[in-house]
Amino acid sequence: MPDILPEHAGDEFGKLVRLIGRLRAPGGCPWDREQTHESLKPMLIEEAYEVVHAIDDGDDEELMGELGDLLLQVVFHSDIATEQRRFNVAQVIDRVAAKMIRRHPHVFADDKAETANDVLKSWEAIKAAELAEKGKSAENGSMLDSISRNLPAVMETYQMTTKVSRVGFDWPDADSVFRKVYDEMTELEEARSRDEISHREIVDELGDVLFVVVNVARHLGVDPESALKASNRKFRRRFRFIEDRLRERGSKPADSTLEEMDGLWAEAKKEERKGERMIDE
């Protein structure tokens, strides 16, 4: 791959914009020409998750490719809007650049911000002013209106509680959140043990447990979505180990006992630890 200097980014971006325009022009690609904002939505979401996966893997080659795929989506959506004479990609870039300058007065103006927390508090005030300019005064709305209700539940919880923490609505420390986890688990167990309990009550109590666990992650400085994804990958890896070992024995999970699979699970964990020690050495 040829070395491309950062100062050439504009030229390379221009090539991408022209490429997408060519694909969607008459005589271009039939598939690309048929796409709409709606048809591309699943791919936009998928590409964002692929970027996160590449970050978690620490694979720069993969990350570079996935960021390119995500950028492709931005250009593609912008090209659709250009064809409909709504806006173009240059306006998209101008809008985000202007927003970044406006929301960083401590860099581009005379405001002061000594810490990251100072910056976040400033952002909230600036965003409230922006809403007021659009006639959407925050006085009649909520700080949480800007957080999409369509987010996955874990991400929604994380973003909501992060946002309100900036105005002081938060547990004072991680220990306090841990205690709240125990409280919620106790309430769930008590609800489960009652003679008469509705499914709705169980759902409510379990939801409270999950909500607080997400906040444990936030207080520990951990992205809960990434943490859960890592655990999912670990589960896939270990269960695949079980399947492989059973296959070597001419068997499969459905024909095995829980004790047999538990033993292989423990073996999978031992193999992982052995591999980790070899890397450390």
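Below are the figures for this structure:
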| quantity | calculated |
| --- | --- |
| Cβ pairs under 6 Å, 6+ apart, first in the range 224-237 and charged (D, E, K, R), second surrounded by 11 or more Cβ atoms within 10 Å (Cβ to Cβ) | E225/V154; E225/M155 |
| Of all residues in the range 252-269 being among the aliphatic types (A, V, I, L, M) and surrounded by 15 or more Cβ atoms within 10 Å (Cβ to Cβ), the one that is nearest to A48 (Cα to Cα) | A268 |
| Failed condition for I93, given (1) touching a helix residue (DSSP H, G or I) at 6+ places or on another chain (Cβ under 6 Å); (2) part of a helix (DSSP H, G or I); (3) modelled with pLDDT of 85 or more | (1) |
| D69 under 16 Å from S226 (Cβ atoms) and of a type in the set (D, E, K, R) | no |
| Test result for L40, of a type outside the set (V, I, T) and over 17 Å from the mean Cα position of the chain (by Cα) | yes |
| Where R149 falls short, out of the listed (1) under 27 Å from the mean Cα position of the chain (by Cα); (2) assigned to a helix (DSSP H, G or I) | (2) |
| Any hit, the range 115-135, residues being modelled with pLDDT of 90 or more and within 22 Å of the chain's Cα centre (by Cα) | no |
| Top-ranked residue of the range 113-126 - restricted to ones that are among the polar types (S, T, N, Q) and loosely packed, with under 15 Cβ neighbours inside 10 Å, ranked as nearest to R166 (Cα to Cα) | N117 |
| Condition check for A129: outside the structural domain of L23 (by TED's automatic domain parsing) and loosely packed, with under 15 Cβ neighbours inside 10 Å | yes |
| Residue match in the range 195-204 (condition: modelled with pLDDT of 90 or more, assigned by TED's automatic domain parsing to the domain that holds P172 and under 30 Å from N117 (Cβ atoms)) | no |
| Residue list for the range 19-30, restricted to those being free of Cβ contacts under 8 Å to residues at least 40 places away in the same chain and either surrounded by 10 or more Cβ atoms within 10 Å (Cβ to Cβ) or among the aliphatic types (A, V, I, L, M) (or both) | L19, R22, L23, A25, G28, C29 |
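The values are calculated or read from the model by the stated rules, or taken from the named source; none is laboratory data. Treat the numbers as computed from the prediction; the structure is a model and nothing was measured. All Cβ positions, glycine included, derive from the backbone under ideal geometry; neighbour counts span all protein chains shown.
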